[in-house]
1. What residue, among those in region A:328-366 that are within 12 Å of chain B (Cβ to nearest Cβ) and touching a Phe, Trp or Tyr at 6+ places or on another chain (Cβ under 7 Å), is surrounded by the most Cβ atoms within 10 Å (Cβ to Cβ)?
2. How many of the residues making up region B:331-367 are more than 24 Å from the chain's Cα centre (by Cα) and at positive phi?
3. Restricting to region B:169-228, and then to whatever is charged (D, E, K, R) and more than 14 Å from chain A (Cβ to nearest Cβ), can you tell me which residue is farthest from B:Val75 (Cα to Cα)?
4. Would you call B:Arg429 farther than 27 Å from A:Met263 by Cα and either over 18 Å from the mean Cα position of the chain (by Cα) or in contact (Cβ under 8 Å) with a residue 12 or more places away in the chain (or both)?
5. What pairs come out if I take residues in region B:380-392 that are under 24 Å from B:Asp317 (Cα atoms) and pair them with residues that are of a type in the set (A, V, I, L, M) and assigned to a loop (DSSP other than H, G, I, E, B) whose C-beta lies under 6 Å away, six or more apart or interchain?
6. Could you tell me which numbered condition A:Met319 fails, if it satisfies all but one of (1) closer than 19 Å to A:Leu285 by Cβ; (2) out of contact with any Lys or Arg (no Cβ under 6 Å at 6 or more places or on another chain); (3) assigned to a helix (DSSP H, G or I)?
7. Does region B:66-89 include one or more residues that are loosely packed, with under 12 Cβ neighbours inside 10 Å and either modelled with pLDDT under 80 or part of a strand (DSSP E or B) (or both)?
8. Looking only at region B:336-353, which residues are closer than 18 Å to A:Arg356 by Cβ and more than 8 Å from chain A (Cβ to nearest Cβ)?
Amino acid sequence: MKQMLKMALSLTVIALLAVGLATTTGCKKRARKEPPPPPPVETPKTVETPTAPDTTGQAARDRQTRMDADRARIQTVYFDYDKSDIRSDQRDKIRTDADIFRTWTEWAVTVEGHCDERGTNEYNLALGERRAAAAKQALIAVVPLLALSGCATRKEIVGFQEDTQRIRADIDSLKVNQGTLQSAVDSIHSEIRDMRAKSEYGSSALQEKVETLAARLDDILGRMDRTVAPLEEYLRKQQESDTTAKGGLGMDYYDAAQRDLAMGNYDLAEDGFTQYLQANPKSDLADDARYGLAETYYGRQMYSQAADEYQRVIDMDPMGNKAPAAMLKLGLCQRASDQLRDARRTWEDLIQMFPRAEEAKVAQQRLNEIKNKR
Amino acid sequence: MFFERTVRGRARLAVLAVFAMCMVTLAISTARAQTVTLRIETTAVGRMNVVVMPFTAGQDSAFSGDLPHNLRDLVKGDLSYCGYFNVLEPDDAPLDTITRVKPFRGRMDTLTTLSGATPPRIYGTVTAGWNGASAEIAIYQPPLKDPIHQKSFQFAADEVRTAAHSVAAWVTEMLTGEQGAFLSQIAFVVKSGTSKNVWVMDWDGANPHAITRDQTTNLSPSWSPDGSTIFFTSFRAGNADIFKMDPDGGNIRTFVSSPHVDSAPAVSPEGQWVAYCSMTDGNAEIYRAHQDGTGKTQLTVSYGIDTSPSWSPTGHDLVFTSDRAGSGSPQIYRMDLEGANVQRLTFAGNYNETARWSPRGDLIAYASREIGFQIFTLGPDGSHERRVTTNGSNLDPSWSPDGMKLVYTSVQNNKSSVWTCNWDGSDPRQLTFGLEASQPQWGPAPAAGSGN
């Protein structure tokens, strides 16, 4: 279900006396700002401007007429939903618009990318900018000599109506064994009534206490209901989904250690990971556990211990899934300890061995930072 | 059947009775001791019953009028709303006494005993004088005769709402050990005409007011953890840049500005870093910098759009939106604060974004587009996907500082307003009325207010 969004090109026409193309930043030039363009169903507004200098009045008027006519011929370029690449059926419009811009060399052109208001703003801001950039690239590609001051882009949030809605069913179940517990409480009540009937009227203190206990039990059993039932359910599901590949022994240490790491309890996490590694030195998760152990040191800024552990992660499995992250972090430890040459070498190795990993790209950034500092 | 009249049945009864007695003893002794707190983490929605008695005017109150009644209503409203309690009316609460009639030596006599099943009761005595008012709040737990907690609150006559929030915060802390979010504020965006401005309201939607009043577009407010600064995206300088201001809208300063889109600021929980999205190198990437703009570090390097960062409560990790796996199909990823250990978290659906990490660390809320948007939660490892909202189109989730509630944008009948619900989707309530409101961001909970 493809839907169309418009990209409106609006022009800010500035009277420049002698300068041909606007090559400085367009931001400063837009001192006379117009208000944000209206929704795309209307034609974009343009600011009335004085014309280029001329010699005779009639020539100037004819020129103005031609300029206005051309301005009216500028077309809106459409994009596919959530996409920022120029569609093949829109390329003719790009060509037409580029030709118009080439004719009127004193214009400074602002390229705007528009997005759906119904989405969230942050992603759409970036998408809108990409659309503006794509359009600008396409225009320049058609007319290479045309330098557009499209550096400043503005986003317009446009309303868009969604028509249909699907409803997804929610799946959630809790089991409560009310019947058993209720009859248990009932029989306790009847026991207590029996006991009361047997005791004398004067010993009311004991009766009070017993009544209190029975009623509290009510409350507590009810609460146990609500707490225990979902726990049972969770445990049952855990048992069903637990696979032996992860290793039965020590899994709870590993999970608890990961949770402690996530919550910032580095000392506890260190113990957990260490114990897990002692019990399962060769399991599938051993390198993850050792990486987690290294992270507990890194989190406490104990960089030399962290470096040792990251190195062990790499040595254990140089092509494993944790190796790129370990190499990045190892380099950071080395940089923190002022061993810049080692850091550089680690990161260069990382880039060479795992060129496509995310960490390799970050490492390249860090290398550039080191080089720039020198 | 479980407790049948056999040896085994009675043995079970005995075991359960002993267990119950131990629990009761523990409950009573913890109530008295006030230093032992046992906190059990559970995902079940177990709420504590509580009764808020009608508040009375103090003996030497010069005048009080409706003040005790108003204060009690506000406290009761706060406790009902916060998600920790079932607030019962005094008439509906289980009785603390049972009255029976029985014959004794030829005549009918009444026997009154304590039932013990009653929940804690909140009593308040409000004294108003020329210099302001004070409220003595006491929490009773029958069958104990003395109050288990007591506190005095001073407030000016026009600060009743704030006083009620302080009372509710103290009651919640005494009974559950939780801080609650009673004194926090929520920043959000209001559209009027073609401009969008940042507004602020109380945690329950009261007192909404604008803090920016511009003819431009202001978006994505984000609080610093000490509540002293709000970072936000604004088009006031021509294109999307990130600014910061005081919570009353004053002292607007630039944080990050460039000829390209700079947006989506998020302050780390310790306040040390601000993560944000910038397109300075032509591509939307996530950076981090100190609050004064120094120490800029690039965290993502990918061809796709990377934006909307959100910090874990330890400040050690981030979740963010990226469409690196498919242009136009954003998904949720996580990484650590150095940009290492990148993992994809969402695999269901083809449009998942605005992930926000709960301050408790156990859940990540995000918006997923089906046809409209709906809010879901995930564990930090991407497991246990769970739906939170169903009606309307719901996006931009933000957590309360106690991780108990969410605020979000809800679009219904073409109108956009800010709604709230508990972490599991229960008790949804509309917070803004008559405004085109969106992008709520829940601020931090300051320390509890007045009192001795």
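1. By that ranking, first place goes to A:Gly331.
2. Final tally of qualifying residues: 3.
3. The residue in question is B:Arg213.
4. It is true that B:Arg429 is farther than 27 Å from A:Met263 by Cα and either over 18 Å from the mean Cα position of the chain (by Cα) or in contact (Cβ under 8 Å) with a residue 12 or more places away in the chain (or both).
5. Close Cβ pairs satisfying both conditions: B:Gly382/B:Leu345.
6. (3)
7. no
8. B:Gln343, B:Arg344
The values are calculated or read from the model by the stated rules, or taken from the named source; none is laboratory data. Treat the numbers as computed from the prediction; the structure is a model and nothing was measured. Because the Cβ atoms are built from the backbone with ideal geometry, glycine has one as well, and the counts that use them run over all protein chains shown.
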